[in-house]
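These notes are about the structure you will find just below.
The values are calculated or read from the model by the stated rules, or taken from the named source; none is laboratory data. Nothing here was measured: the structure is a model prediction, and the numbers come from that model. With ideal geometry, Cβ positions are generated from the backbone for all residues, glycine too; neighbour counts draw on all protein chains shown.
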Amino acid sequence: MKHKMEILVAVGTGLVLFSLSLALRPALKPQAQGCAPPCHSSEQCRVSPGGGMECSSTCQCPPGATPPAEEETTPVPWTPAPTATPLPSFMDEACWADSCQPGESRLTRFTYHPSGGLIDAEFREGCCGPSCPCEEPTTEDEPVTVPGNYVQGSEWGATVQLQLPVWTADRRPYPRGMVQVPNNIWAEDIPSANAWSNTVNPGGSDCACRATGTCEDDSPPRGTMCEFQLGLKTKPGAEAPTWDCEESEGGYGYQTVCTWKYSSADKPYIGKGLSCEDLPAFEVTASIPYWWSIGRRWYEWEKIGQDCECNCKVCEDPNGCSDQCGGQAGLCTGANEFWDRDCEDIYGWVHHGPNWELLDLRDYGHPTPYMRNGKVQLVSSRSCGPHPVGRLPIPVIEVQGVISNPKD
């Protein structure tokens, strides 16, 4: 009986350790790159001080053999790339008396840098007073509308619509967490998005020569606009994501930690297990501010230069005419003739745009100048996909030892 109990205890201990390793470890790293015979790939794991397992693959070779060079990759949280003109952290509007007559002011929009400094001050109307705005704002002639969690634009018959993009996050351990063990969550990729409208020709039939290449022979009117497009662009701002962990503390930043005191046994079955089975899970949500811009691009028939020739011209100026072609006046022998140049304007198609203009969504009925993007999704490299958009389900389990029957 004692020998049988020792076997059960040993088997039970092995099962517990095996369950712990599956619950704590993240997805296995790929084997060492280029590890060929006589070398072989070997994986080594250790318990992380912060919870979970850390595993790595190495290439082991017999004496005399040289292992191939390999690069160890460590996942790091997404961080915004530096830009020459960073997006603002906020916009504000106020009445400002600058350059106005005494007792007057004008509505001014102030754009602030993420560091707190002022980027720009844009006058929204002329001076009036003593209070502002002097006119009720209207969006009847505006090209932008914000009907919900997306933006659409329309101008010259061109229409465009753009949704917020999905951004991704990763977490460790995966797929399951454990009570009292920290769950590390970080932003993996926060992309920008843009869209362009259909192409329209505000110049109508005057744009036909662009397709045939005959505009030089049959010149359209100066200022003719063709191939006009309206564009929308959205990108993450200067602020980091805000994380909300169900029944646990969330956080602010490009990475956060959620720790649960209890298992998720009584939660909805929205998570996945080791074999992709449905498991009850806590829900983690996150959002990040996205700023919007509108742009336009088109071709316009414009003066692009001159074609000049020097010849003899009759001077019609009673005060005399000057030589503009390099001192060849002696070639002209007629009355009142002088050596000058005749110029003819040259026209061509000039591309304009996109001339991106930052939008304040409050001008179109949105409560904030930006739009919060909560479309977070677990990275596709994790198993059991496709993963839901808008939440990160995290199953949390409690691990117990094997209880044997004392009668055995």
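In the stretch 362-381, what count of residues is obtained for those that are part of a loop (DSSP other than H, G, I, E, B) and of a type outside the set (S, T, N, Q)?
So the first thing to find is which residues in the stretch 362-381 are part of a loop (DSSP other than H, G, I, E, B), and the list is 365-370, 374-375, 379-381.
Subset that is of a type outside the set (S, T, N, Q): 365-367, 369-370, 374-375, 379.
Residues meeting the conditions: 8.
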List every residue pair whose Cβ atoms sit under 7 Å apart, with the two residues 6 or more apart in sequence or on different chains, where the first one lies in the stretch 292-319 and is crowded, with 18+ Cβ neighbours inside 10 Å and the second, anywhere, is acidic (Asp, Glu) and at pLDDT 90 or above. Trp298/Glu227; Tyr299/Glu227
Scan (1) at pLDDT 90 or above; (2) more than 30 Å from Glu283 (Cβ to Cβ); (3) assigned by TED's automatic domain parsing to the domain that holds Pro268 for the single condition Gly348 breaks and write down its number. (3)
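List the strands (runs of 3 or more DSSP E) inside the stretch 153-210, counting only whole elements, that have at least 2 residues being surrounded by fewer than 16 Cβ atoms within 10 Å (Cβ to Cβ). So that I can check it myself, show each step before the final result.
On the way: elements: 158-163, 167-172, 183-189, 193-196.
Here the list reads 158-163.
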Output the residues belonging to the stretch 224-262 that are at pLDDT 90 or above, within 35 Å of the chain's Cα centre (by Cα) and in a loop (DSSP other than H, G, I, E, B). Thr224, Ala240, Pro241, Glu246, Glu247, Ser248, Gly253, Tyr254, Thr259, Trp260
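For the stretch 212-219, indicate whether the set of residues that are in a helix (DSSP H, G or I), under 30 Å from Asp345 (Cβ atoms), assigned by TED's automatic domain parsing to the domain that holds Gln377 and modelled with pLDDT under 90 is non-empty.
Let us first name the residues in the stretch 212-219 that are in a helix (DSSP H, G or I), namely 212.
With under 30 Å from Asp345 (Cβ atoms) added as a condition, the list becomes 212.
Cutting the leftovers down to assigned by TED's automatic domain parsing to the domain that holds Gln377 gives us 212.
Filter once more, keeping what is modelled with pLDDT under 90: 212.
Yes: one or more hits.
Take the conditions modelled with pLDDT of 95 or more and closer than 30 Å to Pro182 by Cβ and apply them to Val389. Does it pass? Break it down stepwise before answering.
On the way: modelled with pLDDT of 95 or more: yes; closer than 30 Å to Pro182 by Cβ: yes.
Yes.
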